Amino acid sequence: MSRPVFSFRPNPENPEHRRAWEILKRVPEGQKNRFLVRVILQEDLARHLEECVRQAVREELGELRFQQKSAVPEPEVPGVEIPEPEIPGRMLDFLSRMEGGGTAGATASAAGTVRNRCVSTGRTKDRERRGVPF
């Protein structure tokens, strides 16, 4: 069986093609195939993570019960405080993990959460088999 061949012909009129070509030219000879494979797998992983984050956000938002405020403000009663609605702890945890994106611990924690939520897709085991971190 012959190996498949791929050819890249950047369009000099397209700024993305020019930028990609500049990056590819900096990759040492003999390492271009490895570089392209890693970039393609990273793009696939990024798409999968985006799907998982969107799914997690939808689930979290689905659990919140939004209260519609009336157009007429409620009258204030002296000496009586109306408590603010409480944000569920799970939502606060999720937001704090997203906020701390730059730290390794927060990223690992968020990655574990996303991995747990996305196990049903079966892609996590496939990625582990191929040596992709998640």
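The values are calculated or read from the model by the stated rules, or taken from the named source; none is laboratory data. In this text, all values refer to a predicted model and were calculated from it rather than measured experimentally. Reconstructed Cβ throughout: ideal geometry from the backbone, glycine too, with neighbour counts over all protein chains shown.
Structure summary
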read-out: Val53 of a type in the set (Val, Ile, Thr), closer than 30 Å to Phe94 by Cβ and within 29 Å of the chain's Cα centre (by Cα); value: yes
read-out: Among the candidates Glu86, Glu16, residue that is modelled with pLDDT of 95 or more, within 28 Å of the chain's Cα centre (by Cα) and of a type in the set (D, E, K, R); value: Glu16
